Every structure is written in C-alpha cells, then in structure tokens.
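Notes follow once the structure below has been shown.
What follows is calculated from the coordinates using simple rules that are stated; it is not laboratory data. Keep in mind it's a predicted model, so treat the numbers as computed, not measured. Ideal geometry is used to build each Cβ from the backbone, glycine not excepted, and the neighbour counts take in all protein chains shown.
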C-alpha cells in the first residue's frame with residue numbers, strides 16, 4: 001500500500017471512531033467539518049432525518065467577496081462564523097462538533113472558534 005492510500009485509510013478509521021460516538025438530532029445537530037488542502041467546508045446535519053440544515057465553505061460567494069484564500073486559519077474562522085450565523089437564522093443554538101477524523105488543531109480549531117464567536121454552543 002502506498003503512503004497516500006495508507007493516510008486515507010487512517011483518516012477513514014479515525015472518522016469512523018469519532019462518528020460512532022456523535023449523532024446529530026433536530027435539537028442538537030452535528031457540525032461536520034471537512035478539510036482539504038485548498039478549502040474547508042462545514043455543515044449542520046440532522047442525522048435523524050438525514051438532512052443538512054445549513055452549510056458554509058470557502059467556495060461560497062459570501063466568502064469569495066472577502067478576497068481571502070481558503071487554506072488558512074483566518075479563512076476557517078470566517079467559515080465558522082458564516083455557518084454559525086446561518087445556524088442561528090435557522091433557530092439552532094446548540095450543536096455537537098464532528099471534527100471528521102482530523103485533530104482539533106489549526107484550521108479545524110479556528111472554524112470551531114469562529115462558530116462559537118457567532119453564538120453556537122458546543
């Protein structure tokens with residue numbers, strides 16, 4: 001197995017381990033984070049119904065209007081604020097955080113801090 005495939009397999013294992021403990025409900029949806037080298041994505045998911053409540057990413061027009069690039073901590077914090085504002089508009093105040101197998105560090109932590117700054121509780 002080459003090293004890239006091995007890294008992908010390890011990430012999937014960590015993701016499954018985290019997801020075994022986290023479940024989003026209508027009252028407290030799951031804040032899912034997806035991180036790539038170029039972008040970061042966040043969405044609120046109600047696992048009971050299998051629906052996405054709201055989402056934000058570095059590909060959104062609101063983010064692109066700021067003129068920032070999508071692969072740093074400042075961008076991740078802005079995406080966290082966007083998803084937090086959209087969640088509050090939908091009436092969601094509490095979430096469970098799903099780091100998606102990534103360490104709670106760097107861009108993932110910045111996104112969480114941005115969502116907290118917008119008013120989400122977790």
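Only helices enter this figure: runs of n ≥ 4 DSSP H residues, each worth -39500 (n - 2.57), summed and divided by the residues of the chain, yield -13000 deg cm²/dmol at 222 nm to the nearest 500. Straightening the chain between residue 74 and residue 1 buys 22.7 nm, computed as 0.36 nm per residue apart minus the Cα-Cα spacing.
At full extension, residue 27 and residue 49 could sit 6.7 nm farther apart than now, given 0.36 nm per residue minus the alpha carbon distance. Pull up the DSSP beta bridges for the chain and report the antiparallel fraction as a percent, rounded to 5. Of the beta bridges lying entirely in the chain, close to 75 percent run antiparallel. With a simple spin-label model that places each label point 7 Å from the Cα along the Cα-to-Cβ direction, the separation between residue 89 and residue 18 comes to 2.6 nm. Take the Cα of residue 59, step 7 Å toward its Cβ, do the same at residue 36, and the gap between the two points is 0.6 nm.
Once you reduce the range 102-122 and the range 1-57 to the center of their Cα atoms, the two points are 14 Å from each other. Which value in Å does the Kirkwood hydrodynamic radius of the range 21-122 take, with 1/r averaged over all unlike C-alpha pairs and then inverted? This gives a value of 13.1 Å.
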